[in-house]
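Here the structure is laid out as structure tokens; the discussion comes afterwards.
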Amino acid sequence: MYDSATVNMPSTDIVFTPTGSHVIVAGTDGGIRICAPGRDLRAAPPARTWRAHHGIVSAVDVSVDGRWVVSAGLYRQLKLWRVPE
């Protein structure tokens, strides 16, 4: 199970891509991290970090094909991100 303590950052939402190849973490610092599951996320650096929003990222979700992430910011913004291959 992943939570804020597991990923070593205050987070608001954590989701897996449909294939399970990535864990997407929404942060309270406005960032989104893409991490490889199965590793100690407290010690391992994320595969990709996006500075997504000014303020808290309130939610993230992944498209059915796993190629896109949508993030919701506290200030009524939605942003679309391409997941690296």
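Selection of strands (runs of 3 or more DSSP E) fully inside the range 13-81 by the criterion of at least 1 residues being without any contact (Cβ under 8 Å) to a residue 40 or more places away in the chain and surrounded by 13 or more Cβ atoms within 10 Å (Cβ to Cβ) returns 23-27, 31-35, 48-51, 68-73.
Of everything in the range 5-18 that's of a type outside the set (A, V, I, L, M, F, W, C) and farther than 14 Å from ALA59 by Cα, which residue is modelled with the highest pLDDT?
The first filter runs over the range 5-18 and keeps only residues of a type outside the set (A, V, I, L, M, F, W, C), leaving 6, 8, 10-13, 17-18.
Checking the rest, the ones that are also farther than 14 Å from ALA59 by Cα come to 6, 8, 17-18.
Values: THR6: 54, ASN8: 56, THR17: 89, PRO18: 92.
Among residues in the range 5-18 that are of a type outside the set (A, V, I, L, M, F, W, C) and farther than 14 Å from ALA59 by Cα, the one modelled with the highest pLDDT is PRO18.
The values are calculated or read from the model by the stated rules, or taken from the named source; none is laboratory data. It should be emphasised that the depicted structure is a prediction, and the values quoted were computed from it without experimental measurement. FYI the Cβ positions are ideal-geometry reconstructions off the backbone, even for glycines, and counts take in every protein chain you see.
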